[in-house]
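Here's the structure, in C-alpha cells; my notes come after.
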Amino acid sequence: MKAIFPGSFDPATLGHLDIINRGAKLFDCLIVAILTNIAKKPLFSADERLFILQQETAHISNVEIVSFNGLLLVELAKNLDAQYILRGIRTESDCNYELAMAQANQKLNPHIETIFMASNPQNAYMSASLLKEIATVGYPTFDDSALDNWVSANVKTLLKNKFC
Ligand code: PNS
C-alpha cells in the first residue's frame with residue numbers, strides 16, 4: 001500500500017514529522033509531497049523545503065520526498081500509483097478545511113481515499129503559519145528557545161538565518 005502525504009511544509013514542523021513517522025508504519029511506502037497551496041506565500045523555496053524534509057526523514061527507509069508545482073494532488077497520486085492520501089488533523093477547526101479538500105479530491109478521483117490521522121495532542125497548537133509569524137516578528141531579539149517545541153535544531157537554524 002502506497003500513500004501520499006501532501007502539504008506546504010513551509011517549513012516541516014515536529015507535528016509534520018510525527019505524522020510522517022507514524023504514517024510510515026501504516027503504509028509500505030509513504031511519499032511526502034511538497035505542493036503548491038495557492039492561499040499561501042512560502043518563506044522557504046521548494047528546494048529548501050525538499051532539503052529539510054530529506055534531512056529530517058533520512059532515517060526512515062520507506063519515505064520518499066517529492067516536490068511538484070502546477071499539478072493537482074490527485075494527478076500526482078495517480079502518477080505515483082498511490083492509493084491513499086494521508087492528512088493530519090490537529091483540532092476541530094482543521095476538520096472543515098480537511099473534509100472539503102477530501103471530498104473535492106474524491107470527486108476528482110474516486111479511486112483515491114483520504115485517510116485522516118489524529119495529531120499527537122502535544123502538537124495540536126503547532127502550525128507552520130504561527131511559527132513563521134513568531135519568527136518574523138520575534139527575530140532577531142526574542143528568546144527563541146521555545147521554538148524547540150516546534151521544529152528540529154536544524155530547521156530552527158535555517159529559520160533564524162532567514163531573519164538574522
Ligand atoms: O499544508 P497545507 O498548505 O495545508 O497543504 C495544502 C495542499 C498543498 C495539500 C493543497 O493545497 C493541495 O493539494 N495543493 C495541490 C493542488 C490541488 O490539488 N488542489 C486541490 C485540493 S482539493
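The values are calculated or read from the model by the stated rules, or taken from the named source; none is laboratory data. On a predicted model such as this, the values are computed, not experimentally measured, just so you know. Note that we place each Cβ from the backbone using ideal geometry, even for glycine, and neighbour counts take in every protein chain shown.
Would you confirm whether or not segment 80-91 contains a residue that is aromatic (Phe, Trp, Tyr), at pLDDT 95 or above, within 16 Å of the ligand (Cβ to nearest atom) and under 24 Å from residue 24 (Cβ atoms)?
Yes, because at least one residue in segment 80-91 is aromatic (Phe, Trp, Tyr), at pLDDT 95 or above, within 16 Å of the ligand (Cβ to nearest atom) and under 24 Å from residue 24 (Cβ atoms).
So, of the residues in segment 76-132 that are basic (Lys, Arg) and outside any helix (DSSP H, G or I), which turns out to be nearest to residue 63 (Cα to Cα)?
87
Restricting the search to segment 99-120, which residues are more than 17 Å from residue 23 (Cα to Cα) and surrounded by fewer than 16 Cβ atoms within 10 Å (Cβ to Cβ)?
Answer for segment 99-120, where residues must be more than 17 Å from residue 23 (Cα to Cα) and surrounded by fewer than 16 Cβ atoms within 10 Å (Cβ to Cβ): 99, 100, 101, 103, 104, 106, 107, 108, 109, 110, 111.
Quick one: in segment 56-79, which of the residues that are surrounded by fewer than 15 Cβ atoms within 10 Å (Cβ to Cβ) and more than 11 Å from the ligand (Cβ to nearest atom) is nearest to residue 30 (Cα to Cα)?
So, considering only residues that are surrounded by fewer than 15 Cβ atoms within 10 Å (Cβ to Cβ) and more than 11 Å from the ligand (Cβ to nearest atom), the one nearest to residue 30 (Cα to Cα) is 62.
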